[in-house]
Amino acid sequence: MANAPAPALAAAPVARLVMVGQRLLRAGEPFRAPPLPIDGWLILRCHRGRGNLRVAGTVIVLVPGTLLSMPVTADVDVRSERGAVLALSGALLIGSWPGPEPIRQGTQTDHPELARLLDLCQTLSRRGPLPDWQANALGALLAHEIANGWVTVHDALRDVRRLVDDHAGERLRPGDLATMLDISPATLGRLFRTHAKCSPRAWLDRRLVEQTARRLAEGDEAVADIAASAGFADATVFTRLFTRLRGENPTSYRRRNRL
């Protein structure tokens, strides 16, 4: 009996990583990009501060953790808000846009694989110019993640983000969210595993650390006070969580990212 033919694999998107960079915009300072190829597309991530990106008549609010991708266009304006310092990093690729949407927007919490790929690109670029094989491989990986990994988040997860934002800085439990959304904990777990590729607890912890990181960078509150307001009876537990997810303790993070 003849073997059944193997299923066809989708061709990897063709793209090449040509530029990786970081930029710090002072309060109100506009971003002035160098000349960019018309067949290119950008991936941007906001690390600190707050600002606005205007592209083709659309305004996108940039806050820590924002991720977006879009084709290169001359009609782009990025500015930090008054009194805020905006820290951005990004990658420029050339190749066919892996669309279909002209602009894709999300957060690094929703798309951890894309955030990790950007971190890898930054690390490798610090060693010097990328060899051709590496630039092609990284470009293909980024393009594949944009084309296939940028999962449209279920409406319930959008509601989760809204609830977490309404309780910013509080350590909510998965059971709290399930109750607020009027769904079972098991259903909430399935939604996260399918659409966010992680458990509700892991997602909530990352979101909380993103929120407290901003408070550390922008304010003078003691770490113990931030931990207490976030629902930690013991600041040591908060410090361990922050260090595990950020790779440094809250005090070191504040010193390095002080605005």
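Quick note: the coordinates plus some simple rules give every number you see, no bench work behind them. From a predicted model like this one, the values you see are computed outputs, not experimental measurements. Cβ sites come from the backbone with ideal geometry, for glycine too, and all protein chains shown count toward neighbours.
Mind ordering 127-133, 48-54 by average Cβ neighbours within 10 Å, highest first?
Working: 127-133: 9.9, 48-54: 19.6.
Taking the mean over residues of other Cβ atoms within 10 Å, the ranking is 48-54, 127-133.
If you consider only alpha-carbon coordinates, what radius of gyration and Dmax does the range 155-257 have, in Å?
Both quantities, over Cα of the range 155-257: 14.2, 42 Å.
Name the long-range amide H neighbours of residue 198: under 5 Å, sequence gap of 5 or more, or other chain; modelled H, no Pro or chain starts.
Amide H neighbours of residue 198, under 5 Å, 5+ apart: 193.
Order 231-237, 216-222 from most to least packed using the mean count of other Cβ atoms within 10 Å.
Result, highest mean first: 216-222, 231-237.
Amide H neighbours of residue 248 under 5 Å, counting only residues 5+ apart in sequence or on other chains, H built in-plane at 1.01 Å?
none
In Å³ and rounded to a whole number, note down the convex hull volume per residue for the Cα atoms of the range 205-244.
Output value, Cα hull per residue: 59 Å³.
Rounded to whole Hz and in sequence order, give me ³J(HN,Hα) for the range 203-209 from the Karplus expression 6.51 cos²θ - 1.76 cosθ + 1.60, θ = phi - 60°, writing x for Gly and Pro.
5, 5, 5, 5, 5, 5, 5
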